[in-house]
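These notes are about the structure you will find just below.
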Amino acid sequence: MEIEPLTPVIGAEVHGVELATLDDDRFADVEAALLAHQVLFFRDQEMELDQHKALGLRFGPLHIHPSAPPGAPGYPEVLKVHADANTKRTAGDKWHSDVSCDAEPPMLSILRLHTLPESGGGDTLFSSMYAAYDALSPAMQEYLGGLRAEHDGGPNYRDRNRRVGYDDSEREYPRAKHPVIRTHPRTGRKALFVNSVFTTRLCDVPQDEGDAVLAFLYAHVAKPQFQCRFRWQPGSVAMWDNRCVQHHAMWDYYPEVRSGYRVTVAGDRPM
């Protein structure tokens with residue numbers, strides 16, 4: 001197995017691995033590389049949905065999305081990621097951590113794309129929340145370290161459903177309060193844990209203060225020096241750690257098709 005870092009801060013491309021047939025030793029190597037690089041990329045991966053699910057289950061129980069329907073009949077744990085000429089709004093079109101509105105947000109996402117647009121990249125950008133935290137001043141780190149923020153799935157999911165004509169007015173979506181700075185349970189490193197898709201307010205501070213701080217943090221996490229960028233090819237897989245990474249999927253290919261499946265691994269309560 002060969003690991004090729006994309007930047008000194010985040011991301012690595014892994015060669016010489018078939019994810020569908022990993023033995024225990026090679027799986028341990030992949031897991032260690034993920035903890036070190038935060039997001040891993042693999043090319044030319046053949047995986048049926050059962051194999052995709054099985055790979056996710058090696059990391060832990062699978063997460064079921066609170067809004068999206070099953071990606072295929074009989075696969076509630078699989079999320080279909082698809083955009084075409086009829087799409088009104090793509091998933092992942094802003095910087096975010098997947099489903100951070102859950103009381104126990106997902107720890108890991110594994111996305112494989114099988115169809116890519118002929119023009120426009122449909123690239124995904126990833127940003128290290130370790131690096132974003134480390135770049136803050138000690139005073140700002142101390143201030144944020146004592147705060148919690150509310151994460152609410154309602155605004156995002158209702159907007160997405162409204163655009164496709166689905167009435168979810170009687171549906172309840174997850175809402176949770178999490179520390180603004182979380183400590184990764186495996187690495188012990190601190191990471192920013194607020195995002196513009198799900199975070200709605202800072203708790204226990206005046207509204208105008210909270211809005212200003214969040215606006216600063218949303219601009220901060222999007223700085224290029226914290227990022228890597230992945231150009232997809234058919235059969236590529238991206239695997240990222242939601243506990244310390246945010247991502248942004250570029251929608252620069254309308255009206256062409258970009259399509260694949262994602263499996264997400266359940267996580268724990270941020271501490």
Mean Cα-pair separation over length for the range 5-162, i.e. relative contact order, pairs under 8 Å, 6 or more apart, %: 19 percent
message: What figure, in Å² to the nearest 10, do you get for the accessible area of ARG58 with a 1.4 Å probe and non-protein molecules left out?
response: 80 Å²
field: Portion, in percent, of the accessible area of the chain that falls on carbon or sulfur, probe 1.4 Å
entry: 49 percent
- request: Could you please report the charge total around ARG89, scoring K, R as +1 and D, E as -1 over all other residues with beta-carbon less than 14 angstrom from its beta-carbon?
  value: +4
- prompt: What is the magnitude of the charge dipole of the chain about its Cα centre, with +1 placed on the Cβ of each Lys and Arg, -1 on the Cβ of each Asp and Glu, and no other charges, expressed in debye to the nearest 20?
  reply: 540 debye
- prompt: Each residue of the range 216-222 in turn: what ³J(HN,Hα) in whole Hz from Karplus with 6.51, -1.76, 1.60 and θ = phi - 60°, glycine and Pro shown as x?
  reply: 4, 5, 5, 5, 5, 5, 8
query: Taking amide hydrogens as modeled 1.01 Å from N in the peptide plane, which residues meet the under 5 Å criterion relative to LEU108, leaving out close sequence neighbours?
result: ASN242, VAL265
field: Sequence-distant aspartates and glutamates (8 or more away, or on other chains) whose Cα lies within less than 14 Å of LYS94
entry: ASP123, ASP159, ASP252
Descending principal axes extents, the chain, alpha-carbon based, whole Å: 51, 44, 35
query: So how far apart, in nm, are the two label points at ARG171 and TYR254 if each is 7 Å from Cα heading toward Cβ?
result: 2.2 nm
field: Residues of type lysines that LYS53 reaches as a straight line, Cα spacing below 17 Å, ignoring anything fewer than 8 places off in the same chain
entry: LYS80
message: Charges on Cβ only, +1 for Lys and Arg, -1 for Asp and Glu, centred on the Cα centroid of the chain; of LEU116, ASN195, HIS37, which one is farthest towards the dipole's positive end?
response: ASN195
statement: Ranking ASP50, ASP159 from most to least accessible area with a 1.4 Å probe gives ASP50, ASP159
- line: With the dipole of the chain defined by +1 on each Lys or Arg Cβ and -1 on each Asp or Glu Cβ, the option from LEU136, GLY74, LEU19 whose Cα lies farthest towards the positive pole is LEU136
query: Non-local amide H neighbours of VAL257 (under 5 Å, H modeled in plane, Pro and chain starts lacking H): which ones?
result: GLU118
18 Å cut-off, amide nitrogen to a point 7 angstrom out along VAL205 Cα→Cβ, residues in the range 221-247: 221-222
- prompt: For the chain, what does -39500 (n - 2.57) per DSSP helix run (n ≥ 4), summed and divided by total residues, give at 222 nm, in deg cm²/dmol to the nearest 500?
  reply: -7000 deg cm²/dmol
statement: Candidates SER97, SER196, SER169; GNM for the chain (alpha-carbon contacts under 10 Å) flags as most fluctuating SER169
message: Running a GNM on the chain with Cα contacts under 10 Å, which residue among HIS114, HIS178, HIS63 ends up with the highest mean-square fluctuation?
response: HIS114
- prompt: What percent does the relative contact order of the chain come to when contacts are Cα pairs within less than 8 Å and at least six residues apart?
  reply: 36 percent
- line: With GLU150 itself left out, Lys, Arg at +1 and Asp, Glu at -1 over residues whose Cβ is under 11 Å from its Cβ give +2
Simple label model, 7 Å out from Cα along Cβ direction - ARG269 to ASN86, nm: 4.2 nm
query: How much FRET efficiency would the formula 1/(1 + (r/R0)^6) give for ASP29 and GLN233, where r is the Cβ-Cβ distance and R0 is 30 Å, rounded to 0.05?
result: 0.85
- line: With +1 on the Cβ of every Lys and Arg and -1 on the Cβ of every Asp and Glu, the dipole magnitude of the range 44-114 about its Cα centre, in debye rounded to the nearest 20, is 220 debye
field: Under the Karplus curve 6.51 cos²θ - 1.76 cosθ + 1.60, θ = phi - 60°, whole-Hz ³J(HN,Hα) for the range 174-186, x wherever Gly or Pro sits
entry: x, 9, 8, 10, 10, x, 5, 10, 10, 9, 5, x, 9
- line: Scoring only Lys, Arg, Asp and Glu (+1, +1, -1, -1) among other residues with Cβ under 12 Å from the Cβ of MET107 yields -2
task: Could you pull out every residue, at least 5 positions away or on a different chain, whose amide H is within less than 5 Å of the one on ARG201? Hs are placed 1.01 Å off N in the peptide plane, and Pro or chain starts have none.
output: GLU150
query: For the chain, what is the percent of antiparallel DSSP beta bridges, rounded to the nearest 5?
result: 95 percent
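The values are calculated or read from the model by the stated rules, or taken from the named source; none is laboratory data. Computed from a prediction, not measured in an experiment: that's the story for all the values here. All Cβ positions, even for glycine, are placed from backbone atoms using ideal geometry, and neighbour counts span all protein chains on display. The accessibility values were calculated without ligands, DNA or RNA, using every heavy atom of the protein model including side chains. Shrake-Rupley method; radii C 1.70, N 1.55, O 1.52, S 1.80 Å.
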